[in-house]
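These notes are about the structure you will find just below.
The values are calculated or read from the model by the stated rules, or taken from the named source; none is laboratory data. Since this is a predicted model, take the numbers as computed values, not measurements. As a convention, Cβ positions derive from the backbone with ideal geometry for all residues, glycine included, and neighbour counts pool all protein chains shown. Accessible surface areas use protein heavy atoms only, side chains included; no ligands, DNA or RNA. Shrake-Rupley method; radii C 1.70, N 1.55, O 1.52, S 1.80 Å.
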Amino acid sequence: MNYVRTGMLMAGLTALFGAVGYLIGGGGGMVMALGFAAVTNLFSYWNSDRLALAAHNAHEVDAATAPELYGMVRDLAARANMPMPRVYLIDEAQPNAFATGRNPQNAAVAATTGILRTLTYEELAGVMAHELAHIRNHDTLTMTITATFAGAISSLVTFGMLFGSRDNRPNLIVQILLSILAPMAAALIQMAISRSREYEADRLGGEICGNPVWLADALAKIAAGVAHIPSETAEAKPATAHMFIINPLTGGGMDNLFSTHPDTGNRIAALMEQARALGIGRGNAASFTAGAGAGPWGSAPRQPGPWG
């Protein structure tokens, strides 16, 4: 159902783009608008990962520079039967993480240093599994396209108002309404798509890591951390907020039209229900590396802090 809803919302966003072009410039304006959308989305398709990572000053790590984190992502990717993504760290006190990339073969996951200090190893495994789920479901591409559409609609309205033909330009009242309502409608559709994909990534992430409780506990800690630790980078670049596992601007949200993320409490409840269906509780599941014989922590649940 989530995929159907996402497809319908994407179609609505495309239709909105074409409608705005038609109102500004008639049939020719609609064709030009859709052409503009194609060009901007092609650019974002090839460059979205680099732009997002650069925006947050992320630096790539490997098995030598961050062996625990890199090894965790490698193991999770193997469990998910997907290519190993590039792994990045962001020097940021706020606990958070995101995934980016146009497809599983060209993807990256990024975690802040704050999240490494805040979560246990198992909880972080749940978060990384959530991000891998976004990659496997191609959510990173979907959200890049929707964000590009939303930004392009605002640009299109501004361009049309300033440079559109006088013959095709709508009257002043329509211009004002377009400048207000079109970007708002695009943003609402973008937010609705984002919320839909978060629930699905939570569910699949719980399956990948093997214990939905780890992700549920991680979400609670991240939301608390975000609420008390601002992210200057995210505040300066709010357009990237939808990428993170928890909204870096507010630390949460409500399941309403104006939220990029579902309510954290609702997400946790869904994960705990998933765990109950699997017969998993907080006290009856092995650690993420139990039986693997790897890591200095053995098979006991790992505590935050060994990341340096």
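Each row is one residue, and each column tells you yes or no for (1) polar (S, T, N, Q); (2) open to solvent by less than 10 Å² (accessible area, probe 1.4 Å); (3) in contact (Cβ under 8 Å) with a residue 60 or more places away in the chain; (4) under 25 Å from residue 231 (Cβ atoms).
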position	(1), (2), (3), (4)
67	no, no, no, no
92	no, no, yes, yes
95	no, yes, yes, yes
101	no, yes, no, yes
109	no, yes, no, yes
120	yes, no, yes, yes
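So which residues in the range 81-130 are out of contact with any Leu (no Cβ under 8 Å at 6 or more places or on another chain) and aliphatic (A, V, I, L, M)? Passing the criteria: 84, 90, 93, 97, 107, 119. Report whether or not residue 276 is more than 17 Å from residue 98 (Cα to Cα), surrounded by fewer than 20 Cβ atoms within 10 Å (Cβ to Cβ), out of contact with any Lys or Arg (no Cβ under 8 Å at 6 or more places or on another chain) and modelled with pLDDT under 75. So residue 276 fails the test.
This table checks each residue for (1) modelled with pLDDT under 70; (2) outside any helix (DSSP H, G or I); (3) open to solvent by 60 Å² or more (accessible area, probe 1.4 Å).
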| position | (1), (2), (3) |
| --- | --- |
| 3 | yes, no, yes |
| 8 | yes, no, yes |
| 19 | no, no, no |
| 22 | yes, no, yes |
| 29 | yes, no, no |
| 33 | yes, no, no |
| 45 | yes, no, yes |
| 50 | no, no, yes |
| 83 | no, yes, no |
